[in-house]
Amino acid sequence: MSAPSIFWLTLFFVVPTMLVVAISFHAAAPDGGIGKEWTLHTWRSISNPNYPAIIWRTLWISAATTVGCVILALPCAFAIARMDKKWRAFMAGLIMLPFWTSFVVRVFAWRLLLHPEGFVKHLLLAMRLTQPDTQLLYNSGAILLVSIYSFLPFAIMPIYAAAEKFDFSLLEAARDLGARSFLAFRKVFLPGIRRGVISAILMVFIPSVGSYVIPDLVGGKNSELIGNKIYQRTFPDRNLPHASALSALMAFAVLIPLALVAAALKRQDRKEALRLADGNPVKQRGGAA
């Protein structure tokens, strides 16, 4: 039964990843292609002193985007899951409505909004929340804001899918037993939708790490992310081995947390299974007999 999925993942994930890693061990050809000889020169060349700052900026912006999206998605998904069924599909459609517009167009719209002569700047000046010389564009804050806006639906939908299956009578039982609303939300609701939250984290963090359109349009030269460097090495520089090495590093940066999360989930599921087995009344009666 799992053969089609294994074939699909092998063909479109494992094989391309192995090709990218293999290309990184070649030198760049003068014509912009890939050299035939095997070498470690490409991996030595990525010790550029600017790369640690770019990698750190990529990781913290991706992590902050993920946290921001999950924090905003939780109450939104909770509210939608508590609505009548006739309104749930409508609200879910509104959340997905921005995807009807091109991603580049939406990011460029934010560039116009955050422009020094844009609506947001004039509004903040009118409310005395900023200064005339404050720059809203071409910084890490602009990247973070537009990233949260762009990836928020990827966090809402998996959390909503998990919340829709949650038994909300458990929250009422917790409140009847004396738990306040936020305590019941944190101790009962969040553990009940744990897998949905983990899916949301992965679905936001992975595209955030590889994002290059958002930092290119609203970030500027001093706010480059690793995705911008990969694009630069691939197209303007025509240095495919160097781009492959950076892509491999980015893939490892994503796969390592995935492996850790998967291992943690397996340990937790094993503990839960053991706990349920220890509390099984049939087993207890059999042991007593």
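Could you pull out every one of the lysines with an alpha carbon less than 22 Å from that of Lys221, ignoring same-chain neighbours closer than 8 positions? Filter leaves Lys121, Lys229. With a Förster radius of 22 Å applied to the C-beta separation of Met1 and Arg195, the computed FRET efficiency comes to 0.55. Working note: Karplus 6.51/-1.76/1.60 with θ = phi - 60° gives the stretch 207-216 the couplings x, 5, 5, x, 5, 9, 5, 4, x, 6 Hz, where Gly and Pro are set to x. Using the Karplus relation 6.51 cos²θ - 1.76 cosθ + 1.60 with θ = phi - 60°, the per-residue 3J(HN,Hα) values for the stretch 174-190 come to 5, 5, 5, 7, x, 6, 6, 4, 5, 5, 5, 4, 7, 8, 10, 6, 4 Hz, with x marking Gly and Pro. Backbone phi angles across the stretch 234-251, fed through the Karplus curve with coefficients 6.51, -1.76 and 1.60 (θ = phi - 60°), yield HN-Hα couplings of 7, 9, x, 8, 6, 10, 5, x, 5, 5, 5, 5, 5, 5, 5, 4, 5, 5 Hz in residue order; Gly and Pro are listed as x. Return the whole-Å distance between the Cα centroid of the stretch 91-106 and the Cα centroid of the stretch 116-171. Using only Cα atoms, the two centres lie 15 Å from each other. Sorted fewest first by neighbouring Cβ atoms within 10 angstrom, His41, His242, His122, His26 come out as His122, His41, His26, His242. Net charge dipole, the chain: roughly 820 debye, given to the nearest 20, about the Cα centre with Cβ charges of +1 for Lys and Arg and -1 for Asp and Glu.
For His26, the residues 5 or more places off, or on other chains, whose built amide H falls under 5 Å of its own are Thr39.
Over the chain, the Kirkwood radius and the radius of gyration, each from Cα atoms, give a ratio Rg/Rh of 1.06.
None of the figures in this text is laboratory data; all of them are computed from the coordinates on show. Since the structure is predicted, the reported quantities are computational estimates derived from the model, not experimental observations. Heads up, the Cβs are rebuilt from the backbone with ideal geometry, glycines too, and the neighbour counts pull from every protein chain shown.
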